[in-house]
Amino acid sequence: MLETSRRTIDSGGLAGRHRPSLVINAISNWVVLGVSIGVGFFLTPFIIRHLGKTGYGIWVLIGSVIGYYGLLDLGIGSATTRYVARYAGRGEEKSLNETISTAFVMFSCTGALVIVTSLLVAAPLAGFFRVGDAHTHEFKLVVWILGLTTGLNFPASVFGTIIKAHERYVAANVVYITSTFIRVLLTVWLLLKGVGLVGIALAALVSTVADMCMSLAFCRRLTPWVRISFAFAHWRVVRMLIIYGGVTTVIVIADLMRFNLDSFVIGKWVGIAEVGVYGIAALLIRYMLRLITAGMSVLTPRFAALDGAKENAKLQALFLRSLSVSALLSFGTGMLAIIFGGRFIKLWITEPGFFGTIPVLYILAVAYTFALAQNPGISLMFATNKHHFFAAATVVEAVANLTLSLVLVRKYGIIGVALGTAIPMAIVKVFVQPVYVAHIAGVSLWHYAKPLVIPAIVASLMVGISRGYGIWQFIDRCNFTRLFVWGAIAGLAFLAVVAFLILTVWPTMGFLKERRKLSLAKRI
């Protein structure tokens, strides 16, 4: 039976030469990102116009609250991705189906818990955040609907995990794009009908159900060897997933503290309206984050498959190549966000009171640029089950984030919260993470840092030049068309300079390094 299973999976799965192209997978992810950015570009100001500053602040705040349900994942999603990729790479159908079935049962129970919890906490949350009488009923309805949406999404996410663990990202992205357009069309229609916040929540619910149905259909077609059955669920698999996922949960908690506690701190000590102002900068940073992770997320199942097959040389080479790509994307995007982001916000969000988000964007962009440049290291840690140290470092960063934010918010408002997020992140990503990831990757710290140096220097120089020579004043007079044209020119210039320096400076650096070795050898 096992040999038959191996042949079935090998004929269309991850084994050997049949692995899907990482480039095509990454491109499909970037297409999804382009759709998401386009949707956000259109939908965010549309929502703000129909909800107002306070209504939009409530929406962001509820989204932050619902985001904490992610803790109930317990890392099972990432654990399932890792083990399904490993078992598919080895052709072990029995272990693969046991893992998937166990995860589905666990997530079904979690989803039911989320739905019940949402019904119970809606009213207390409205009182805690002092939501006005005019919005209290609406607030509770939205919490209930989004709770139901999230509850359904837990078991439904298993289908998407199956697709991605087999590296079928194109299919997964077709599902995402289709459900996204369903959500957008429903959101626009319901807002025009005057349904308000409840309408946005209902659109999310319907699109989630559509996503679940399409993902199930793709699973049956693309991975016919997969069987989900309660009979396949086992306690030993539960233990395996929880042991791996426990470390992931710690990381998720820390990430939620970084992303969602900012909204709590601002909502409690500054005001609900300012949550929306901060949320605009956070939204743009999330797009920046997704640009990098969209391309790099395809690495995790490939790293896991290579690690399971003991192809260490291929894994190390792939890691160093991916680090070069992530550095180029991250520093280039961060540079564009700092130079052009302020003017973009002024053109994009025309409602009064939102320009205070611009300095927040600059602060967060700097920190996230250094963090995202090293994103392949995170994929490597998860794929090789070496993410324990990363979890500890992330917890320290999150606690420092919350502490600094609470200290700085009283004096500096939302800028203080942004600094509370950026300072610990920069310290961890520059001084801590590189040392550990270089160690588990089996490369020297110099080879780890080498792909990061030139993009970082070029990006910093371009920001300094734009600031020092009055280019920002020119940009501040651009309309949307000119802004995108000059942004494209700046991006191409960045790529050209980085490519030139890599082709000319690095070979010379290598030659000088060899000369120093020879000179030292002669002295000895």
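The values are calculated or read from the model by the stated rules, or taken from the named source; none is laboratory data. Bear in mind the structure is a predicted one, so any value in this text is a computation, not a measurement. Here the Cβ positions follow ideal geometry from the backbone for every residue, glycine too, while neighbour counts run over all protein chains shown.
With the structure loaded, tell me whether Phe139 is modelled with pLDDT of 85 or more and in a helix (DSSP H, G or I) or whether it fails that test. Outline the logic, then answer.
Values: modelled with pLDDT of 85 or more: no; in a helix (DSSP H, G or I): yes.
Considered against the rule, which asks whether it is modelled with pLDDT of 85 or more and in a helix (DSSP H, G or I), Phe139 comes out as no.
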Tally, over region 246-263, of residues that are modelled with pLDDT of 75 or more, of a type in the set (A, V, I, L, M, F, W, C) and closer than 16 Å to Val275 by Cα:
1
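Could you say whether any residue in region 424-435 is aromatic (Phe, Trp, Tyr), under 27 Å from Tyr244 (Cα atoms) and without any contact (Cβ under 8 Å) to a residue 40 or more places away in the chain? Don't jump to the end; show me each part of the working.
Taking region 424-435 first, the residues aromatic (Phe, Trp, Tyr) are 431.
This time we only want the ones that are under 27 Å from Tyr244 (Cα atoms), so: 431.
Within this subset, residues satisfying the condition of being without any contact (Cβ under 8 Å) to a residue 40 or more places away in the chain are 431.
Within region 424-435 (the criterion being aromatic (Phe, Trp, Tyr), under 27 Å from Tyr244 (Cα atoms) and without any contact (Cβ under 8 Å) to a residue 40 or more places away in the chain), the answer is yes, since at least one residue qualifies.
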Selection within region 72-130 - more than 30 Å from Lys310 (Cβ to Cβ), in a helix (DSSP H, G or I) and of a type in the set (Phe, Trp, Tyr)
Phe107, Phe128
Out of region 271-281, which residues are surrounded by fewer than 23 Cβ atoms within 10 Å (Cβ to Cβ) and at pLDDT 80 or above?
Gly271, Glu274
Let me spell it out: the conditions are (1) surrounded by fewer than 17 Cβ atoms within 10 Å (Cβ to Cβ); (2) at pLDDT below 85; (3) not hydrophobic (A, V, I, L, M, F, W, C), and Tyr56 meets all of them except one. Which number is the exception?
(1)
Failed condition for Ala294, given (1) modelled with pLDDT under 90; (2) under 15 Å from the mean Cα position of the chain (by Cα); (3) farther than 30 Å from Val84 by Cα, with all others met?
(3)
Residue check for Ala210: surrounded by fewer than 19 Cβ atoms within 10 Å (Cβ to Cβ), under 30 Å from Glu138 (Cβ atoms), in contact with a Ser or Thr (Cβ under 9 Å, 6 or more places away or on another chain) and of a type in the set (A, V, I, L, M):
yes
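Collect the residues in region 131-161 that are small (Gly, Ala, Ser) and crowded, with 16+ Cβ neighbours inside 10 Å, keeping them in residue-number order. Full working, then the answer.
Of region 131-161, the ones small (Gly, Ala, Ser) are 132, 134, 147, 151, 156-157, 160.
Hits for region 131-161 are Gly147, Gly151, Ala156, Ser157, Gly160.
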Residue list for region 171-223, restricted to those being modelled with pLDDT of 85 or more and not in a helix (DSSP H, G or I)
none
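Among the helices (runs of 4 or more DSSP H) lying completely within region 235-331, list those that include at least 3 residues that are touching a strand residue (DSSP E or B) at 6+ places or on another chain (Cβ under 7 Å) and without any contact (Cβ under 8 Å) to a residue 12 or more places away in the chain. First the steps, then the outcome.
Working: elements: 235-269, 272-296, 299-308.
Here the list is empty.
Scanning region 447-490 for residues that are part of a helix (DSSP H, G or I), of a type in the set (Lys, Arg) and modelled with pLDDT under 90, which turns out nearest to Leu329 (Cα to Cα)? Before the answer, list the steps.
Of all residues in region 447-490, those part of a helix (DSSP H, G or I) come to 447-468, 471-475, 480-490.
So of that shortlist, the ones also of a type in the set (Lys, Arg) come out as 450, 467, 482.
The next check asks that each one be modelled with pLDDT under 90; those that pass are 450, 467.
Numbers: Lys450: 15, Arg467: 22 Å.
Out of the qualifying residues, it is Lys450.
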Residue among Ile9, Ile47 that is part of a helix (DSSP H, G or I) and at pLDDT below 75
Ile9
Of all residues in region 402-422 being in contact (Cβ under 8 Å) with a residue 40 or more places away in the chain and surrounded by fewer than 17 Cβ atoms within 10 Å (Cβ to Cβ), the one that is nearest to Ala365 (Cα to Cα)
Leu406
Considering only region 224-270, how many residues are under 16 Å from Ile76 (Cα atoms), aromatic (Phe, Trp, Tyr) and either surrounded by 15 or more Cβ atoms within 10 Å (Cβ to Cβ) or in contact with a Gly (Cβ under 8 Å, 6 or more places away or on another chain) (or both)?
1
Note on region 317-357: residues surrounded by fewer than 21 Cβ atoms within 10 Å (Cβ to Cβ), under 30 Å from Leu306 (Cβ atoms) and in contact with a Phe, Trp or Tyr (Cβ under 6 Å, 6 or more places away or on another chain) are none
Exactly one of these conditions fails for Phe128: (1) buried (at least 16 other Cβ atoms within 10 Å of the Cβ); (2) modelled with pLDDT under 80. Give me its number.
(1)
Checking the structure you have, find out if any residue of region 343-366 is under 30 Å from His166 (Cβ atoms) and in a helix (DSSP H, G or I).
no
Would you check which residues across region 22-51 are of a type in the set (Gly, Ala, Ser) and without any contact (Cβ under 8 Å) to a residue 24 or more places away in the chain and list them?
Gly34, Gly38
Selected residue (criterion: surrounded by the most Cβ atoms within 10 Å (Cβ to Cβ)) from residues of region 162-184 that are within 19 Å of the chain's Cα centre (by Cα) and among the aromatic types (Phe, Trp, Tyr):
Tyr169
